[in-house]
Amino acid sequence: MSIHLEVIHGDRLDPRVKAEIVALCEAAYNEDFSTAFEEFTDPVHVIARDARGALVSHAMWVARGLQPDGHHPLRTAYVEAVATAPNHQRRGIGTAGVERVVVSVAEDPVWELVALSPAVPEFYARRGWESWLGPLAIRRDGRIEPSPSDELVMFRRLPRTPRTIDAATLLTAEWRSGELW
């Protein structure tokens, strides 16, 4: 199957493509995504289209400041809305999209880390993503609020990721509306 991957900044998406992405995510997750993208600022999308031009997979990243214990907040490309059309799953299309995210982020010197909260951790673990093993918390109004114990964050190290980060320590993120992780 021939797939075309494209990286598009969110401000360049036209309403038709946004609607396609929402429909794809709703089909893949069987949940409402109609307002899911309203909270994200300055997203970058990776979209995959088949030979007919149909949208078959999507992933995106947004800027977040994830702070491992003992470090400054790392400029993190936080991956969101990874979705593949149900009839195109298990063909490597989602993998290609996620890898395009990692490559694009790694090529941009602004990023220090790439991370996500996975729906299917095994998918990412097979592709070299590491689980954050320590506790998770949210920074809000000068306080640190512990996250529920069932939250999971995975990450990929980049060339600029500090070698001294320890995934068994506390990891915090700034508060945001919607899903915190």
Rounded to the nearest whole number, the Stokes-Einstein translational diffusion coefficient of the chain at 4 °C and 1.567 mPa s (Kirkwood radius, C-alpha pairs) in µm²/s is 77 µm²/s
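Within the stretch 111-181, which trypsin sites (Lys or Arg not before Pro) sit in a loop by DSSP and count at most 12 neighbouring Cβ atoms inside 10 Å?
Working: sites: ARG126, ARG127, ARG139, ARG140, ARG143, ARG156, ARG157, ARG160, ARG163, ARG176; in loops: ARG126, ARG127, ARG160, ARG163, ARG176.
Answer in residue order: ARG126, ARG163.
Starting from the Cα gyration tensor of the stretch 111-159, take the square roots of the eigenvalues, sort them a ≥ b ≥ c, and report rounded, prolate or oblate (rounded when a/c is under 1.5, otherwise prolate if a/b is larger than b/c, else oblate). Please report the intermediate quantities before stating the final value.
Values: a/c = 2.96, a/b = 1.54, b/c = 1.92.
Note, shape of the stretch 111-159 comes out oblate.
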Given Cβ charges of +1 for Lys and Arg and -1 for Asp and Glu, the option among LEU152, SER57, PHE37 whose Cα lies farthest towards the positive end of the dipole of the chain is SER57
Once the mean of 1/r over all distinct C-alpha pairs in the stretch 51-113 is inverted, the Kirkwood radius in Å reads 13.2 Å
In degrees, nearest 10, the alpha-carbon axis of helix 93-107 is tilted away from the dominant principal axis of the alpha carbons of the chain by 50 degrees
Longest principal axis of the chain (C-alpha) makes with the long axis of helix 15-29 (C-alpha) an angle, in degrees to the nearest 10, of 70 degrees
Expressed in nanometres to one decimal, the distance between label points 7 Å along Cα→Cβ at ALA125 and ALA168 is 1.8 nm
Carbon/sulfur accessible area of the stretch 110-173, % of total, 1.4 Å probe, equals 53 percent
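Can you tell me, using C-alpha contacts under 8 Å and at least 6 residues apart, the relative contact order of the stretch 1-71 as a whole percent? Don't skip to the answer; put the middle values down first.
Working: 84 pairs, mean separation 27.0, N = 71.
Relative CO of the stretch 1-71 lands at 38 percent.
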Candidate cut points under trypsin sites (Lys or Arg not before Pro) in the stretch 2-69, DSSP loop plus at most 16 other Cβ atoms within 10 Å of their own Cβ, are ARG52
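Rolling a 1.4 Å sphere over the protein heavy atoms, what is the accessible area per residue of the chain, to the nearest Å²? Write out the running numbers ahead of the final one.
Working: 9480 Å² over 181 residues.
For the chain, the per-residue accessible area is 52 Å².
The values are calculated or read from the model by the stated rules, or taken from the named source; none is laboratory data. From a predicted model like this one, the values you see are computed outputs, not experimental measurements. When we count neighbours, we look across all protein chains shown, and the Cβ atoms used for this are built from the backbone with ideal geometry, even at glycine. Heads up: the accessible areas ignore ligands, DNA and RNA and are worked out on the full protein's heavy atoms, side chains in. Shrake-Rupley method; radii C 1.70, N 1.55, O 1.52, S 1.80 Å.
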